[in-house]
Each structure stands twice: as C-alpha cells, then as structure tokens.
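Heads up: the structure comes next, in structure tokens.
The values are calculated or read from the model by the stated rules, or taken from the named source; none is laboratory data. If you're wondering where the values come from, they're calculated on a predicted model, not measured in any experiment. With ideal geometry, Cβ positions are generated from the backbone for all residues, glycine too; neighbour counts draw on all protein chains shown.
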Amino acid sequence: MSTIILRSMRMVGEKPRGGTLDANEQVETLDEFNTFLESLNQERLMCYSVTQDSHLLTVSTATYTIGPGATINTTRPMKLVDPCWVRTSDAIDYPVKIITLDSYGLATDKSSGATIPSYVYYNADFTATSTASLTVYPPPSAGLTLYIHSLKQFATVSTQSQNLALPPGYRSFLESNFAIHLAAGFTKVSAETAKIAKDTKAAIKAANVPDMVMRLDSGTRIGTSIDHGIYVDSDYIE
C-alpha cells in the first residue's frame with residue numbers, strides 16, 4: 001500500500017525517488033486514501049466484479065439485515081443486480097425480480113400466503129454498523145435459500161503494509177488518480193499525470209461495461225406469427 005501512496009506523491013512532486021513516509025504522513029495519507037476509495041463506490045463502472053451471496057430464509061420472515069455482522073453477513077452491497085433467485089430443498093431455482101420501494105409499496109397483501117418469494121427490494125440504508133436491509137415478497141412459508149448478486153463497495157485499507165489485490169490496470173489508475181486527489185488545493189498537477197489519470201480511468205470503465213443483450217418485450221410481438229430475435233431475417237427466438 002505504501003508504494004502506491006509514495007508513487008502518487010512522487011507524481012505531484014511531494015516525494016523524491018527513494019523517499020519514505022514518516023509516522024504522521026503514514027496516518028494522514030492512509031486516511032486520505034480511504035476517502036478516495038470511498039468516492040469510487042459511487043461509480044458503477046469502477047466495480048470490476050459482481051458478487052454472489054446466499055442466505056437460508058426464515059419461514060414468514062420478509063426483511064433481513066445485510067452487511068458486516070448482519071443477518072446476511074457480507075460486505076454491504078452498493079446495489080443489487082440481476083440475476084437473483086430462490087432455491088428449494090429439491091434444488092429447483094425460481095427467479096426473483098428486483099423492485100423499487102415504490103413497487104413494494106403497491107403490494108396490498110404483504111403477508112401473502114404464497115410459498116415462494118417473487119420479488120426482492122433492497123433498502124440501501126446505512127446504519128452505525130454499516131448495514132442495510134433487503135425484503136422479499138411474499139415472505140416464504142417454507143425454508144428456501146435466497147441467492148443475490150450485487151455490486152460491493154471497496155474495502156477500506158487498514159495499514160500501510162496491506163497488499164491490494166486488484167485486476168490489471170487498477171494500480172496505475174490508483175497511483176495517478178490518488179495523486180490528483182492529494183494535490184487538490186495544494187499543487188498543480190502536470191499534464192502528463194492528468195492524462196495518465198484520465199486514460200487509465202477510461203480504460204477501466206470501458207472494460208467494466210456490462211455486456212448488453214437486445215430483446216423485444218413480449219407485448220411488442222402481439223399479432224405476429226414468428227418471434228424475431230437480435231439476428232436480422234432469422235427465426236431465432238430469444
């Protein structure tokens with residue numbers, strides 16, 4: 001970790017090659033680096049992976065806390081993404097649709113006697129223990145396992161000696177963009193550093209763009225005899 005910080009400081013002229021961090025600088029720069037990492041959590045395309053978590057649902061229980069030490073013990077998600085599903089004891093999966101608070105609010109019978117949840121709502125609140133919550137609808141009346149996929153926030157760095165395991169390209173991005181973060185309000189950033197920061201960030205975002213699959217909603221095909229997919233002049237059925 002300290003090598004990334006030192007490299008950032010060299011890029012803005014704060015440290016020479018071979019320089020080191022004194023005790024005060026170690027504390028201050030580590031705190032600033034975690035602030036910088038936290039800001040990346042708001043950018044979807046900086047997230048390089050989608051994480052799967054699972055949890056055995058409790059009969060008739062709709063809402064579960066999620067986060068460090070919560071009922072679903074994992075890093076607090078920034079956002080749920082498809083696909084999500086519930087799995088029965090017979091290993092049969094049923095899809096679960098992610099909905100908004102507004103859609104959940106429109107459900108008139110929130111204690112419906114249905115046995116398998118069809119929807120999940122994620123409340124991305126933030127408690128003192130860094131937890132959020134999710135609610136399935138309808139509540140399960142039989143033991144089922146919920147599988148969710150989510151974008152997770154970057155973990156904070158605890159020490160200068162910590163090793164950051166990140167995909168190729170992230171080190172150069174972190175060094176150059178953290179250099180700009182450090183320089184803000186104190187020193188002018190060179191055109192070369194600014195270009196490296198811009199280009200490495202753009203490259204990472206381009207690599208993290210989700211694959212898109214075109215499709216036609218079923219309602220748009222009413223009255224047609226053949227379903228057409230994304231392949232022109234073919235009978236490919238999506």
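Quick notes on this structure:
- Scanning region 39-62 for residues that are more than 19 Å from residue 154 (Cβ to Cβ) and surrounded by fewer than 13 Cβ atoms within 10 Å (Cβ to Cβ) yields a total of 4.
- Residue that is nearest to residue 64 (Cα to Cα), among those in region 103-130 that are surrounded by 19 or more Cβ atoms within 10 Å (Cβ to Cβ) and of a type outside the set (Phe, Trp, Tyr): 120
- Elements of the type strands (runs of 3 or more DSSP E) sitting completely within region 91-201 and holding at least 3 residues that are hydrophobic (A, V, I, L, M, F, W, C) and at pLDDT 90 or above: these cover 93-99, 132-137, 145-152.
- Number of the condition not met by residue 152 [criteria: (1) surrounded by fewer than 17 Cβ atoms within 10 Å (Cβ to Cβ); (2) within 23 Å of residue 51 (Cα to Cα); (3) basic (Lys, Arg)]: (1)
- Residues within region 20-38 that are surrounded by fewer than 14 Cβ atoms within 10 Å (Cβ to Cβ) and touching a helix residue (DSSP H, G or I) at 6+ places or on another chain (Cβ under 6 Å), tallied: 0
- The condition (being of a type in the set (Lys, Arg) and at pLDDT 95 or above) is satisfied by just one residue among 87, 76: 87.
Matching residues to (1) of a type in the set (D, E, K, R); (2) closer than 30 Å to residue 202 by Cβ; (3) part of a helix (DSSP H, G or I):
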residue	(1), (2), (3)
28	yes, yes, yes
31	yes, yes, yes
36	no, yes, yes
39	no, yes, yes
49	no, yes, no
58	no, no, no
61	no, no, no
86	no, no, no
